Amino acid sequence: MQLSTYFLETFGCQMNVLDSQLVEGQLRALGLRRVAIPREADLILFNTCSVRQHAEDKVLSRLGQLKHIKRDRPHTIIGLLGCMAERLREGLFELNPHLDLICGPGELDRLPELLGRVDESGKPIAAITGLQTRRLVPAERSLLDDPLETLDLSRRPLPGDSIMQSYVRVQRGCDKFCTYCVVPYTRGAERSRPPGNIVREVQTLADAGCREVTLLGQTVNSYAYREGQTPMRFADLLRLVHEVPDIDRIRFVTSYPADWDDDIFRVMRDHPRICPYLHIPAQSGSDRILKAMKRNYTADSYLRLMDTARQYVPDIALAGDFIVGFTGETDEDFAATVDLVRRVEYKQIFVFKYSPRPGTAADRSLADDIPQDVKARRNNELLAVQTAIMERQKRALVGRTVEVLVEGYSKAARRAQKDAADSNGSLDPENPTTSPLDDVAASKANQLIGRTPQDIITVFPGDAAHVGALVAVRVTDASALTLFGEIESVVSPAKMPANPGT
Ligand code: 5AD
Ligand code: SF4
């Protein structure tokens with residue numbers, strides 16, 4: 001049969017968001033059209049995450065719901081992509097007989113071929129990488145003729161695609177094997193992409209109107225590409241990407257503290273379009289726990305690194321991840337984490353309750369011995385400490401002017417616009433007098449949202465022409481997570497037609 005529509009839902013990290021965009025490119029090239037509800041699709045795909053059990057449970061429950069669709073429309077092809085496919089493999093078919101395809105993140109370039117085979121044979125197919133990338137020594141990996149390169153380079157933005165802010169992969173996989181983490185098993189060995197390909201991709205995006213690129217890697221600062229005698233390091237790559245004209249902002253995530261090289265700070269300091277933003281997970285403030293996690297640094301060396309960051313780039317915003325309730329975490333260990341969070345004064349932290357992952361070193365040798373309620377209490381306590389810090393930081397910005405890349409209308413604005421449209425009102429947020437919106441709704445309907453170079457969400461009134469522009473916003477009010485303000489001036493107008501819906 002001929003597939004004509006697809007539904008794709010993405011779970012998990014930025015790497016998955018990027019993979020899904022590339023998959024959508026493949027499906028579009030096959031002539032498929034996206035639909036918003038699974039029931040209307042000939043092909044239903046979930047791009048999945050294995051980092052915590054909760055993420056997997058969500059997908060398994062969604063997958064279970066698709067049984068009815070398969071019963072009513074047996075021609076539907078159902079596929080599971082990403083880390084869960086790689087981790088759970090053929091076992092998924094046993095529990096989910098309605099599943100047709102599983103495809104690990106290292107096999108996504110083969111998706112069109114796999115779909116063809118499933119469609120033709122009607123039999124389930126699994127594409128799994130296994131240990132393939134691990135068999136290569138690091139020096140060989142740079143030169144690996146990686147078929148996944150073709151997929152990354154296949155990106156052809158179309159008018160209407162939201163590419164103003166885009167992800168660009170610089171590295172695949174991870175070699176660190178932190179004891180709690182499943183990623184080295186699902187995404188394979190660390191491989192750095194050729195710098196020429198990365199720059200080419202950034203250029204293609206810039207030509208299509210992209211203003212901000214976020215370079216992606218599990219340990220992005222460990223980037224190392226060896227070709228001939230001179231190895232290229234992450235700082236060199238940043239310099240190269242900075243040369244691409246028309247890219248206004250460059251970010252990179254996620255950094256790994258133990259591999260940090262101060263040359264990166266020097267590049268950040270000297271290249272204004274590299275955002276003063278660093279996402280650099282600490283995971284814990286206790287040396288004992290850091291050792292059990294095999295993170296290869298101490299709380300003290302991490303804190304010194306954060307001080308150095310502020311010496312080189314005084315307005316830098318720091319963000320971090322923390323795991324609470326890791327095996328054996330005592331009240332003292334947790335107190336050390338709270339202390340570290342207080343001292344660093346992050347712009348934002350992401351806190352996760354430890355979730356044992358089958359096959360990881362921690363799961364093999366350590367019991368998950370911290371009760372759920374203790375994990376939850378520590379989670380909330382750490383977040384409360386951070387919220388107080390963020391409130392203080394944001395209040396200090398009131399009265400200042402910040403530069404914002406305008407992403408679109410805020411969620412509240414889109415809701416207000418929809419309500420107005422539903423009640424047959426005007427959709428024109430610039431002319432609320434012609435709409436039946438009340439004053440409060442009207443003030444929300446023209447609410448734009450964007451981010452500062454430090455990645456601080458900023459909300460302010462404006463109009464559709466501002467979407468995609470860089471504007472100067474005077475901050476008038478603030479909450480823990482958000483700045484509120486007024487546009488003072490347009491620093492640089494939008495480069496491409498507004499796509500306010502995204
Ligand atoms: N349990 C809880 N959190 C985890 N993370 C990674 N593995 C686990 C796990 N097993 C968190 C880390 C990482 C972020 C992406 O997810 O904090 O930085
Ligand atoms: Fe997981 Fe550690 Fe690699 Fe990050 S550095 S992906 S936490 S193994």
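Using per-residue counts of other Cβ atoms within 10 Å, averaged over each peptide, order 115-125, 456-466 from highest down.
Working: 115-125: 14.5, 456-466: 20.3.
Final packing ranking: 456-466, 115-125.
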Quiz prompt | Which of Gly106, Gln65, Ser50, positive extreme of dipole for the range 5-127 (C-beta unit charges) | solution = Gln65
Self-check item: Using distinct alpha-carbon pairs, which all enter the 1/r mean, Kirkwood radius of the range 276-393 in Å
Solution: 14.7
Quiz item: Given a 1.4 Å probe and every protein chain left where it sits, what share in percent of the accessible area of the range 276-393 is carbon and sulfur?
Solution: 51
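Calculate what fraction, in whole %, of the accessible area of the range 135-194 sits on carbon and sulfur atoms when a 1.4 Å probe is rolled over the protein chains.
Working: 1500 of 2500 Å².
Ligands and nucleic acids excluded, carbon and sulfur reach 60 percent.
Excluding Leu383 itself, what net charge comes from residues whose Cβ is under 12 Å from its Cβ, given Lys and Arg +1 and Asp and Glu -1?
Details: positive: Lys353, Arg377, Arg378; negative: Glu381.
Residues near Leu383 contribute +2 overall.
Over the range 1-135, with the other protein chains present, what is the accessible area per residue in square angstrom, probe 1.4 angstrom? Don't jump to the answer; show the numbers that get you there.
Details: 6080 Å² over 135 residues.
The answer is 45 Å² per residue.
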Exercise. Would you list which aspartates and glutamates come within 17 Å of Lys444, measuring only between C-alpha atoms, while excluding same-chain residues fewer than 8 positions from it?
Key: Glu407, Asp419, Asp422, Asp428, Glu430, Asp463, Asp477, Glu486
Quiz item: Per q in 0.07 1/Å, what log10 I(q)/I(0) does a Debye calculation on the alpha-carbon atoms of the chain return?
Solution: -0.41
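What trypsin sites (Lys or Arg not before Pro) in the range 378-421 are in a loop by DSSP, with at most 12 other Cβ atoms within 10 Å of the Cβ? It would help to have the intermediate numbers written out before the result.
Working: sites: Arg378, Arg392, Lys394, Arg395, Arg400, Lys411, Arg414, Arg415, Lys418; in loops: Arg400.
Taking the range 378-421 and a limit of 12 other Cβ atoms within 10 Å, the loop trypsin sites (Lys or Arg not before Pro) found are Arg400.
Per-residue ellipticity at 222 nm for the chain, helices alone: DSSP H runs ≥ 4 residues times -39500 (n - 2.57), over residue total, nearest 500 deg cm²/dmol? Walk me through the numbers before you get to the answer.
On the way: 18 runs with 187 residues, N = 502.
Helix contribution divided over all residues of the chain: -11000 deg cm²/dmol.
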Exercise. Lys and Arg at +1, Asp and Glu at -1: add these up for the other residues within a Cβ distance under 14 Å of Leu101 and post the number.
Key: -3
Quiz item: Residue farthest toward the positive end of the dipole of the chain, with Cβ of Lys/Arg at +1 and Asp/Glu at -1: which of Gly25, Ser365, Ile389?
Solution: Ser365
Quiz item: Charges only on Cβ, +1 for Lys and Arg, -1 for Asp and Glu: so what's the dipole of the range 351-391 about the Cα centre, in debye to the nearest 20?
Solution: 120
Quiz prompt | Using θ = phi - 60° and Karplus 6.51 cos²θ - 1.76 cosθ + 1.60, couplings along the range 35-48 (whole Hz; Gly, Pro as x) | solution = 10, 8, 10, x, 4, 8, 9, 7, 10, 10, 10, 10, 9, 10
Quiz item: Quick one: net charge of Arg415's neighbours, Cβ under 13 Å, K/R +1, D/E -1?
Solution: +2
Quiz prompt | Size of electric dipole in the chain: Cβ of Lys, Arg +1 and of Asp, Glu -1, about Cα centre, debye, nearest 20 | solution = 540
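Per residue, how much accessible area does the range 276-393 have with a 1.4 Å probe, in Å²?
43
Taking the Cα centre of the range 5-127 as origin, work out the dipole magnitude from +1 charges on Lys and Arg Cβ and -1 charges on Asp and Glu Cβ, in debye rounded to 20.
320
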Exercise. Name the residues whose placed amide hydrogens come within less than 5 Å of the amide hydrogen of Phe352, ignoring near sequence neighbours (fewer than 5 apart) on the same chain.
Key: Phe322, Ile323, Val324
Quiz prompt | aspartates and glutamates whose Cα lies under 15 Å from that of Lys347, excluding same-chain neighbours fewer than 8 positions away | solution = Asp307, Asp315, Asp321, Glu391, Asp455
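Given N residues in the range 5-127, what is its alpha carbon radius of gyration divided by 2.2 N^0.38 Å? Don't jump to the answer; show the numbers that get you there.
Values: Rg = 12.9 Å, N = 123, 2.2 N^0.38 = 13.7 Å.
It is 0.95.
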Quiz item: In straight Cα distance, which lysines are under 18 Å from Lys123, not counting same-chain residues fewer than 8 positions off?
Solution: Lys67, Lys70
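If you roll a 1.4 Å probe over the range 5-127 with all protein chains in place, what percent of the accessible area is carbon or sulfur? Working shown, then result.
Numbers: 2720 of 5180 Å².
With neighbouring chains kept in place, the figure for the range 5-127 is 52 percent.
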Exercise. Among Thr298, Pro314, Pro272, pick out the residue whose Cα is farthest towards the positive end of the charge dipole of the range 260-316, where Lys and Arg carry +1 and Asp and Glu carry -1 on C-beta, about the Cα centre.
Key: Thr298
Practice problem: Kindly flag which residue pairs out of Lys58/Lys353; Lys176/Lys394; Lys291/Lys394; Lys176/Lys375; Lys58/Lys418 have an alpha-carbon separation exceeding 23 Å in this structure. | Solution: Lys176/Lys394; Lys291/Lys394; Lys176/Lys375; Lys58/Lys418
Quiz item: So what does the Cα-only Debye profile of the range 296-362 read at q = 0.13 Å⁻¹, as log10 I(q)/I(0), no solvent term?
Solution: -0.44
Quiz item: If one computes the Cα centroid of the range 242-267 and of the range 179-241, what distance in Å separates the two points?
Solution: 10
Quiz item: Taking the Cα-to-Cβ direction at Ala388 and at Tyr312 and moving 7 Å from each Cα, how far apart do the two end points lie in nm?
Solution: 3.2
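The values are calculated or read from the model by the stated rules, or taken from the named source; none is laboratory data. Because the structure is a prediction, the values reported are computed rather than measured. Note that we place each Cβ from the backbone using ideal geometry, even for glycine, and neighbour counts take in every protein chain shown. What goes into the accessible areas is simple: the full protein's heavy atoms, side chains included, and nothing from ligands, DNA or RNA. Shrake-Rupley method; radii C 1.70, N 1.55, O 1.52, S 1.80 Å.
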